[in-house]
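Worksheet: one structure, shown below.
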Amino acid sequence: MNPQLQLWMPAIVALFGSLMVVVFTAWLNTRVLGAVHSEIHALRAEMKQGFAELRMEFHTEISGLSHRVERLEEQRGLVRP
């Protein structure tokens, strides 16, 4: 083997080794970010569903209270302006 090539061989091997680590890390990060994105999407959908159910429950309760107030007003002979 050429003596000058022997001199550069450790640097070249270290460079390719570092490149392999960087490429593997980038690939791994991409996979993790994809999984996190999917989980965030699922949690966001679950949160929207929960808010929709909560709005429906509030609407039902407020509607029920409104009917109760109307019946009390009728019983007491009160008139709404």
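The table below gives the values:
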| item | result |
| --- | --- |
| Per-pair calculated FRET efficiency, R0 = 35 Å: residue 35 and residue 6 via Cβ, rounded to 0.05 | 0.20 |
| Crossing angle, helix 3-76 versus the chain [Cα axis fit, 0-90 degrees, rounded to tens] | 0 degrees |
| Calculated log₁₀ intensity ratio I(q)/I(0) where the Debye formula runs over C-alpha points of the stretch 1-69, q = 0.20, 0.25, 0.29 Å⁻¹ | -0.88, -1.00, -1.09 |
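No value in this document is a laboratory result; all are computed from the given coordinates. No experiment lies behind these values; they were computed from the predicted model shown. In this analysis, Cβ positions are derived from the backbone assuming ideal geometry, glycine residues included, and neighbour counts consider all displayed protein chains.
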